[in-house]
Every structure is written in structure tokens, then in C-alpha cells.
Amino acid sequence: MQNSELLFARAKELIPGGVNSPVRAFRSVGGAPFFVKSARGALLTTADDRELIDFVCTWGPAIHGHNHPVIKQAIALALENGTSFGTPNPYEVEMAELIVRFVPSIKKVRMCNSGTEATMSAIRLARGFTGRDKIIKFSGCYHGHSDSLLIKAGSGALTHGNPDSAGVPASFARETIVLPYNDVGALEAAFAANPGAIAAVIVEPYPANVGLILPDKGYLAALRRVCSQHDAVLIFDEVMTGFRLAKGGVQELEGITPDLTTLGKIIGGGLPVGAFGGRAEIMDFLAPVGPVYQAGTLSGNPLAMAAGIAALRLLESDNSYPRLARLGAQVRDALQGACLAKGIPAQVPQVGSMFSIFFTATPVRDYPTALTSDAKRFARFFTLCLEAGVYLPPSAYETAFLSTAHEGAAVDRACEVMARAIAAL
Ligand code: KE4
């Protein structure tokens, strides 16, 4: 097999930037991306035969580590019967029953093929259900790349300095109100200024596409209160946090009931999946029952459903959450300790198996404070870690993930490497 350099040269000829998703291009951390030829557990094996401890976990899905035998077996079994039928299949019913059981606020659910589709569809559904056009999102939150949501977005949009993407008509952007996260006053003022016009509020309850930000105490409850007051649909975008932080996601941890929830990543077990669900009276506005159209050739694909069912079942049988929380705390303590020893100001937010590092003395609670992080210092930290065999998300505005496969040698080694990288900054 060719090495990463040769593969990247060929890729750049035919694929914009040589990547099929911008954040993979390493543009903000320098250097060229490596190509991966295989992955197992906490490890990636690159086309250059390097083994890396992986803290990206394919951006969330690999909560049980890569190529888990149980998930692999489930896909192989499903594969015996074919890859796609374009008709209902038994796996879809089992997946729906699991999601509804794990996430009590979800009474009905529709499968799709990505988190972008899930949020795009949830927004359309909320607009159709309320008959209103405006939506509220929060600066730095990323909900995929549909037009209405690529306004002051995080993740790759922010990483590459275009939080407001080109190609989104001003008429679309006008319907999206962008507010600061963790600011109840701004939320109340927006509703007061747009009486009866706001269909929905969509939020990453724990924003993780601008680095990881945790809500002020009571903030999510305020979101719920204000949306109820104004009959606006509260959408929790748990594409990243769903099944990652708890079986029932952030809404379980915080005891908040959204009207709709969007999901993805883990429920595909590594295959392309998205989902959105919530109150039955809202979901029944969806075709073929109601007037809001939404569809997908590969929605509920049997292979993806089989993989996702196996991944969800493992979360129950593996007692994953306490293990993941311990790993997250171990990494947080290692990073905080190293920064303290070196005298480098840093914020290291961590919840369960998610963490990020902001090189700033300012407590990070929203988009502007996240931007005080020294992105150059992050790039240097990223590079030192990568050179020593630890792969962190290639952007200061992303969140790192742990899997149960990191337990033991992998997390111990990674903590050593990260601490040494901080000492060398
Ligand atoms: P996808 O369309 O990429 O499956 O999901 C979009 C999405 C929606 N909502 C949230 C909260 C998300 O985090 C995402 C996607 N996450 C990014 C990582 N920050 C995907 C990585 C990438 O774009 O390559």
C-alpha cells in the first residue's frame, strides 16, 4: 500500500483538499493528514505503519473502540442477508425500540443517514409543526452543514475560519437567530423581539464543537422554560452526546425534557446513521402521516441498524459509563497537572469520556471565551503528541473522545505523552 504522502497527493488531485470532510485536513494544526489502513480498539494503524492511540474515535461513534468483535459480528450476520432492501426491515423496529427505551423523551423516532440530516429534518419538522419560520441557534454550536444551521457554526466551519459558510442565501440566514450560549437574558430578549415567530431553539446541550463547554447551573432549565412559555420546540442536538455521556444522553444527566432530540454517531456503530425523535404529536407531522416531507434511500439500512443495535446493547452489558468517566478524569488530571507544573494557563473541561483543552487563563463558557484559547499553542501540543503516537482531534475547536478500549495501557501511555508534550511547549 502507498504511504500517506503518496495517497494524499493522489487524493488532492480528485477530492477537494484531499479529504471528504474538511476537519480531517489538518489545516489548522499544520502538516498533512495521515491515512489510516486499519483500526482496532484504541489504536489506529496508518498507511505508514505507525500505531497511534486514537482520541478522535471517528468523531464519536467508536465508544467501544474500533472494530469491536461484537459489532463486527453483528454486521457480518446482517450481511449474510444482503446490504439494503429499500423496504422496512426488522432491525429498524429493534433500533426504534432501543432508542425509545434509552431516551424517554423520544416517543417516536425516524432514522436517517447522518447528523446533518437529523438536525435539518428536525428544524423543518419544528417549522411545519408550529407554522413559524425563525429558529434560534447558539454561536459556536455545530449541527451539521444544512443551510439554516451553518450560521456562526463550530467544528470544521470555525476551524477553517468560515463559521458563516459561503453559499447560504441571506434570505435563509435571516431566519436563523444566533445567540450567545449561557445567556438567558439574550434568549428572553430574542423571543420578546420576535413574538410568535420562533419555531424552535436548537442547542448542543453541552457544546462540543468549539471545544467542550458546560452549561451554567440552571441554563438548560431556562431554555426549557422559555421555549415552553412561547410554544417553541426545544431541540437537543445529541448527535455527539447521545449514548456517549449516559444511556439517555445529557437530558438524562440534567433532567431536562426536550421536545425533539437529534442523534447519530454511536447509533450507527461506525456505519452512516442519524436519527431524530421526540413528542409523538410532533413526529406525526412527518410524511407519510403528516405534511412535513422527509425521506432517505438508505434510512434504516439493515447493516447500519445491526451495527448500531450491537453498539447500544454493549453500552448496557459492558457497564461502560463508570469506566468511561474514570478514564476521562484520569486524562483531565494528567493535563491539568502538567499545565500547572509548567505554569501554562489552561482550561480542561471534561465530562464522562469527552474532554478538551483550551490554552487560556479565561474560564471558557461561550464562543468568545473559547476563542481566547491560544490556537498556535494547541497546534504545537497536537503535533508533539502526534509525533509521540497520540492522535488528538486536529483542531482547537473540537472535543476528544475516549472509548472503553482505552482502559489500561493505552490511557496510561497517552497521559504520559500528553504531559511530556505540555512540558515541552
Ligand atoms: P454528521 O452530518 O457529520 O454525521 O453530523 C453533524 C453533527 C451534528 N450535530 C453535532 C452536535 C455534531 O457534532 C455533528 C458532527 N460532528 C463533527 C465533529 N465535531 C463531525 C466531524 C466532521 O465534520 O468530519
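The values are calculated or read from the model by the stated rules, or taken from the named source; none is laboratory data. Being a predicted model, the structure only gives us computed values, none of them experimental. All Cβ positions, glycine included, derive from the backbone under ideal geometry; neighbour counts span all protein chains shown.
For the reader, a short list of remarks on this structure follows.
- Candidates in the stretch 99-111 are the residues that are part of a helix (DSSP H, G or I) and hydrophobic (A, V, I, L, M, F, W, C); of these, the one that is farthest from the ligand (Cβ to nearest atom) is Val100.
- Given (1) within 16 Å of the ligand (Cβ to nearest atom); (2) under 19 Å from the mean Cα position of the chain (by Cα); (3) surrounded by fewer than 21 Cβ atoms within 10 Å (Cβ to Cβ), number of the condition Phe35 does not satisfy: (2)
- In the stretch 397-415, residue surrounded by the most Cβ atoms within 10 Å (Cβ to Cβ) [restricted to those that are hydrophobic (A, V, I, L, M, F, W, C) and away from the ligand (no atom under 16 Å from the Cβ)]: Ala414
- Residue match in the stretch 228-237 (condition: polar (S, T, N, Q) and under 25 Å from Ser21 (Cα atoms)): no
- Asp231, sole failed condition from (1) in contact with an Asp or Glu (Cβ under 6 Å, 6 or more places away or on another chain); (2) farther than 30 Å from Arg332 by Cβ: (1)
- Pro215 being of a type outside the set (A, V, I, L, M), surrounded by 20 or more Cβ atoms within 10 Å (Cβ to Cβ), touching a residue at least 60 places away in the same chain (Cβ under 8 Å) and within 16 Å of the ligand (Cβ to nearest atom): no
- Qualifying residue in the stretch 99-121 (condition: farther than 30 Å from Ala197 by Cβ and small (Gly, Ala, Ser)): no
- Total residues in the stretch 125-142 satisfying the condition of being within 15 Å of the ligand (Cβ to nearest atom) and under 16 Å from Glu175 (Cα atoms): the figure is 4.
Conditions tested, residue by residue: (1) away from the ligand (no atom under 15 Å from the Cβ); (2) of a type in the set (S, T, N, Q); (3) touching a Leu at 6+ places or on another chain (Cβ under 8 Å); (4) within 21 Å of Arg40 (Cα to Cα).
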{"site": "Ala232", "(1), (2), (3), (4)": "yes, no, no, no"}
{"site": "Gly268", "(1), (2), (3), (4)": "no, no, no, yes"}
{"site": "Ala295", "(1), (2), (3), (4)": "yes, no, no, no"}
{"site": "Ser299", "(1), (2), (3), (4)": "no, yes, no, no"}
{"site": "Leu312", "(1), (2), (3), (4)": "yes, no, yes, yes"}
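- Flag if Ala74 is surrounded by 21 or more Cβ atoms within 10 Å (Cβ to Cβ) and assigned by TED's automatic domain parsing to the domain that holds Asn209: yes
- Residue in the stretch 237-259 that is in a strand (DSSP E or B), more than 13 Å from the ligand (Cβ to nearest atom), buried (at least 24 other Cβ atoms within 10 Å of the Cβ) and not hydroxyl-bearing (Ser, Thr, Tyr) present: no
- With a requirement of 2 or more residues that are under 21 Å from Thr399 (Cβ atoms), small (Gly, Ala, Ser) and modelled with pLDDT under 95, the helices (runs of 4 or more DSSP H) lying completely within the stretch 112-230 that satisfy it span 155-159.
- Residue match in the stretch 12-22 (condition: on the phi > 0 side of the Ramachandran plot, more than 16 Å from the ligand (Cβ to nearest atom), in the same structural domain as Asp374 (by TED's automatic domain parsing) and in contact with a helix residue (DSSP H, G or I) (Cβ under 7 Å, 6 or more places away or on another chain)): no
- Every listed requirement among (1) of a type in the set (A, V, I, L, M, F, W, C); (2) more than 20 Å from Ile267 (Cβ to Cβ); (3) within 12 Å of the ligand (Cβ to nearest atom) is met by Ile151 save one, (3).
- Tally of residues being within 20 Å of Ile213 (Cα to Cα) and either of a type in the set (Lys, Arg) or assigned to a loop (DSSP other than H, G, I, E, B) (or both) across the stretch 377-389: 1
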